[in-house]
Amino acid sequence: LYDVPLEAGELAIHDLGRPRFRSPLRLPAADPEVGGSFVADGTRILLRVEMGPGEECDPDPLAFEKAGPRPEIFFDPPRTRAAMVTCGGLCPGTNNVIRSIFNELYYRYGVKEILGVRYGFSGLAADSDHPPLELTPSFVKEIHAFGGTFLGSSRGAPEVSAMVDYLDRELGVDILFCIGGDGTQRGAHALAEEIARRQLAISVVGVPKTIDNDIPFVYRSFGFFTALEKAWEVIQAAHTEAVGARNGVGLVKLMGRDAGYIAAGATLVSQQVNYCLIPEVPFCLEGEGGFLPALEQRLVERGHAVVVIAEGAGQHLFDECEVERDASGNVKQRGDVGPLLRERIGRYLEQRDVPFTCKYFDTSYLIRSVPANTGDSLLCDSLARYAVHAGMAGKTDVLVGHWHNTFVLVPIPAVIRRKKRLSPVGGIWTAVLSATGQPERFGPPDPAAAG
Ligand code: F6P
């Protein structure tokens, strides 16, 4: 399923200790068959649900612990202090998550002291000039209608032990919710490790946030579907521009640093894209089977084309240079592939005397700085509430995952050890090939395939 196979024991969830209090939630007794009931510890969701013909049931299958409200909890609500932090790039739905975490804690569990850490992990530096906000019902009331994050965000983090000092000694926080992507979860894990080393009773719970949809064990991270919706609008505009000109090319660059889920997803939503280029599927521009000869051929035959490229695709087209990382630890792009592709398309067609017009759309931050759509709003609400249940139960170093349409608890180390990438032989890419009609790969014929 992922680049690093799962090992037995890797999915075991850490907790701070035995639950000591009865949950204040009034729910039916734990019953795996009854939705909305308490969930007993040890209730599991299998990693694999499909069995091949004649395959025997694995007597000890890999499984996630099911997320949900526990009948007994670790923290006493009136004496609990929670905090939340939003990190990394902006993402539609972040304010929905802040609001739903607040509401679940405040109204359902009765936790009244809830802090909002400002500008990501930088707000956990003792000497920061932006101390946490004390959140209130009126603060969160309207925030879900807006994009961005009302707490502010940033990449990177101050020194881990200084953050734990601040959380423990200055703020007296019992539960920290870390809303962010893989960089944020690496930071959350570092905090949880230091907290465990000091034997402190602070729970760290991650909420998966990224438009890139590249977090392992999360079928769909919040923000992804909203980003697809915005990307689709741009592709429609690119299509209109392309068909409105003789040999019109509509070229759209979409975010997706390491994974092509946005480009592939938007291609499938729109069904108007003729070529989709993603980081997981390398391509050649020129030569036999290359992208540019295929584009020229299409212009001759159909008179227009829509091309979508993920920002992380085609990095091989830039000269080798030293790998640079951003403050979150992500490898920075070597160069901007959108303008490069526009230039190469232009040069190639001009050299061959093909009249053309190329309209370039860099969607940039437009697809992520908007409010959540309906689907993401629902997802954010669920993720937030499951995160609160996990935190109140004393689960720690844990991320709320989404697996087989169920919310599960995933140990953060299992998440950050692996990468989620779009499989070039999987269902999504196969669907993209059939929606676009493009070949499996752009480049010389694969000698292996030729047998
Ligand atoms: O991680 C999400 C993402 O949108 C990536 O697709 C993109 O490369 C990155 O954020 C850019 O974010 P920023 O410019 O804020 O560092």
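The equivalent ellipsoid of the chain has semi-axes of 43, 24, 20 Å, largest first, where each one is the square root of 5 times an eigenvalue of the Cα gyration tensor.
Computed over the range 386-444, the range of Cα coordinates on each principal axis works out to 55, 23, 12 Å, biggest value leading. Near V204, the amide H atoms lying under 5 Å from its own belong to L176, D397, V398; only residues 5 or more places off or on other chains count, and H is placed 1.01 Å from N. Per residue, the convex hull spanned by the Cα atoms of the range 45-100 amounts to 187 cubic angstrom. In this structure the amide hydrogen of V306, modeled in the peptide plane, comes within under 5 Å of the amide hydrogens of G250, N274, Y275, none closer than 5 places in sequence on its chain. Once you reduce the range 363-416 and the range 159-201 to the center of their Cα atoms, the two points are 18 Å from each other. Looking at the range 1-114, the pairs of alpha carbons with a distance over 18 Å make up 67% of the total. Overall shape: prolate for the range 233-274, with the ratio a/c of the largest to smallest alpha carbon gyration tensor axis at 1.5 or above and a/b above b/c.
For H14, the residues whose amide H sits under 5 Å from its own are T396, ignoring neighbours fewer than 5 places away on the same chain, with H placed 1.01 Å from N. By the helix-only formula, in which each DSSP H run with n ≥ 4 contributes -39500 (n - 2.57) and the sum is divided by residues, the chain has a 222 nm mean residue ellipticity of -9000 deg cm²/dmol. The ellipsoid equivalent to the alpha-carbon distribution of the range 202-271 has semi-axes of 32, 10, 9 angstrom, derived from the gyration tensor eigenvalues as √(5λ) and listed largest first. Our summary gives the range 163-300 a relative contact order of 16 percent, counting only alpha carbon pairs under 8 angstrom and 6 or more residues apart. Legend: ranking of residues H14, H402, H316, H389 from fewest to most surrounding C-beta atoms inside 10 Å; resulting order H316, H14, H402, H389. Applying a threshold of 27 Å to the alpha-carbon distances of K230/K332; K359/K420; K332/K420; K332/K395 flags K359/K420; K332/K395 as lying beyond it.
Using only the Cα atoms of the range 218-362, build the gyration tensor, take square roots of its eigenvalues as a ≥ b ≥ c, and label the shape rounded, prolate or oblate: rounded if a/c is under 1.5, else prolate if a/b is larger than b/c, else oblate. Here the range 218-362 falls in the oblate category.
When each of R118, R298 is scored by the number of other beta-carbon atoms lying within 10 Å, the sequence from fewest to most is R298, R118. Among DSSP beta bridges lying fully in the range 22-159, give the percent that are antiparallel, nearest 5. In the range 22-159, DSSP labels about 60 percent of beta bridges as antiparallel. Sorting the segments 193-201, 86-94, 68-76 by their mean number of nearby beta carbons within 10 angstrom, highest to lowest, gives 86-94, 68-76, 193-201.
Convex hull volume per residue, computed on the Cα atoms of the range 316-412, equals 200 Å³.
Among DSSP bridges having both ends in the chain, what percentage is antiparallel? Round to the nearest 5. Beta bridges within the chain, antiparallel portion: roughly 35 percent.
Quick note: the coordinates plus some simple rules give every number you see, no bench work behind them. Because the structure is a prediction, the values reported are computed rather than measured. Reconstructed Cβ throughout: ideal geometry from the backbone, glycine too, with neighbour counts over all protein chains shown.
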